[in-house]
Structures are given as C-alpha cells and as structure tokens.
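Each remark here refers to the structure printed beneath this line.
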Amino acid sequence: MTVREFCPELWPELPTPNQYLNCKECGLYEQGTRMVWGEGTSNAPIMVVLDNPGGREDKEGNPIVCGTRQALQRAAFEAGIKKEQLLVTYILKRRPVRKYEKEKTRRICIQHLFEQLKDQKPEYIICLGNVAVQSFFGNESLDVKHLRGDWYQVNGFSVTCSYHPLATRRRPNLYPLLLDDFKLVAQQLNS
C-alpha cells in the first residue's frame with residue numbers, strides 16, 4: 001500500500017467572467033494586478049474565502065505556490081479533503097500591491113463574491129482570516145478567535161471560520177487550529 005504524501009501544487013484558475021475582465025470599479029486595476037476569480041474546482045462542495053489572491057508567479061514570472069496556498073493545501077490534505085472538493089476564492093479579486101481604500105474596495109468587491117456564490121452554490125464555506133470573516137459576515141467587530149469551531153448561517157450558506165493560512169506560517173501554534181477547522185468541514189461534508 002502506498003502512503004500519499006503532501007505536495008503543494010498550483011491549482012487551475014477559474015476563468016473570470018467576461019463582464020468583469022476589465023472591471024475598474026474598486027480602483028485596484030490601477031495597481032497593475034490582474035483579476036483572479038478563483039482557483040481549484042468549479043462547483044466544488046467547499047468554498048474557501050480568503051481576503052485576496054496571493055502571488056502566483058515569482059519576480060521572474062515563473063509559477064509558484066505561495067505560502068498561503070501551501071498551508072491551506074496542507075491543512076485540507078491532512079483533514080482528508082480532496083482538492084477536487086475545494087474552490088478557493090477571494091473578497092478582492094485582484095492582489096493589492098500598494099495602499100488602497102480598504103473599506104470602499106471591499107464593499108465594492110464583495111458584490112462579485114455574492115454573484116459567484118449564486119453561480120457556484122457551495123454546500124459549505126470556510127472564511128480564512130479576520131478580513132474575510134468581517135467582510136463576509138458584514139460585521140467589522142467579529143474575529144476568527146471567537147467564531148472558529150462552529151457553524152453559522154450567513155446569507156443562506158453554512159459558514160465556518162479559521163485563521164488565515166499565512167498567519168499559521170508566521171505563528172506555527174495556530175496551525176493545529178486551522179487543521180481542526182478543516183477537519184470540522186470534512187466531518188460536515190462526510191456526515
């Protein structure tokens with residue numbers, strides 16, 4: 001019997017709908033980054049919501065799997081969630097590289113996420129990090145620390161929360177909590 005080992009990989013991107021390819025509403029297009037609608041498997045039962053896309057290429061333009069993706073993929077793998085069961089998407093569809101008007105930009109961009117939810121219809125959503133939680137729940141006073149480990153109904157979806165994968169790389173003591181939260185999602189999916 002062969003034991004599977006974890007190996008991070010660059011997941012395929014979902015195509016950005018044509019009507020949003022040249023979106024200029026939030027102003028992030030001025031920073032020169034492109035739209036990333038999501039990555040993983042379209043119509044997957046689990047949607048992961050992060051604050052914004054990470055780097056997909058290094059400075060020379062070679063494809064990379066950034067630290068956020070490595071930690072996220074590792075937690076999903078160790079929880080027994082297959083990559084085919086995951087779609088990763090974002091509050092912001094462009095990666096900010098400079099200062100921007102956070103509140104205004106998130107308010108504009110979350111409308112794209114709500115449209116994506118109607119299209120994708122995930123069974124479960126896991127918001128990773130305070131920015132994703134506060135934006136998705138529509139409440140700036142919420143935080144992951146007090147919400148994680150439970151399920152909530154938000155806009156008709158079953159939602160749970162955990163720490164941002166990058167936070168678990170900076171503070172390794174948080175990784176077991178991220179893993180527990182992915183196990184919670186796996187348990188719900190398999191029940």
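The values are calculated or read from the model by the stated rules, or taken from the named source; none is laboratory data. All of these numbers come straight from a predicted model, not from anything done at the bench. Using ideal geometry, Cβ is built from the backbone for each residue, glycine included, and neighbour counts are taken over all protein chains shown. In case anyone asks, the SASA skips ligands and DNA or RNA and just uses the protein heavy atoms, side chains included. Shrake-Rupley method; radii C 1.70, N 1.55, O 1.52, S 1.80 Å.
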Where does the range 58-191 land on Rg/Rh, using Cα atoms and the Kirkwood Rh?
-> 0.95
What do you get for Rg/Rh of the range 1-120 when both radii come from the Cα atoms and Rh is the Kirkwood radius?
-> 0.99
Number of Lys pairs in the chain closer than 19 Å at Cα, excluding neighbours under 8 places apart unless interchain, is 13
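Arrange the peptides 26-36, 93-103, 116-126 so that the one whose residues have, on average, the most other Cβ atoms within 10 Å appears first. Before the final figure, lay out the partial values.
Numbers: 26-36: 16.3, 93-103: 14.5, 116-126: 17.9.
Ranked from most to least packed, the peptides come out as 116-126, 26-36, 93-103.
For the range 100-164, what class follows from the C-alpha gyration tensor (a ≥ b ≥ c being the square roots of its eigenvalues): rounded when a/c is under 1.5, otherwise prolate if a/b is larger than b/c, else oblate? Intermediate results must be reported in sequence, preceding the final value.
Numbers: a/c = 2.10, a/b = 1.07, b/c = 1.97.
Judged from the Cα gyration tensor, the range 100-164 comes out oblate (a/c at least 1.5, b/c at or above a/b).
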Express the carbon and sulfur contribution to the solvent-accessible surface of the chain as a percent, rounded to the nearest whole number, probe 1.4 angstrom.
-> 48 percent
Long-range alpha-carbon pairs in the range 141-184, meaning those over 11 Å apart, account in percent for 66 percent
Accessible area in square angstrom per residue, the chain, 1.4 angstrom probe | 54 Å²
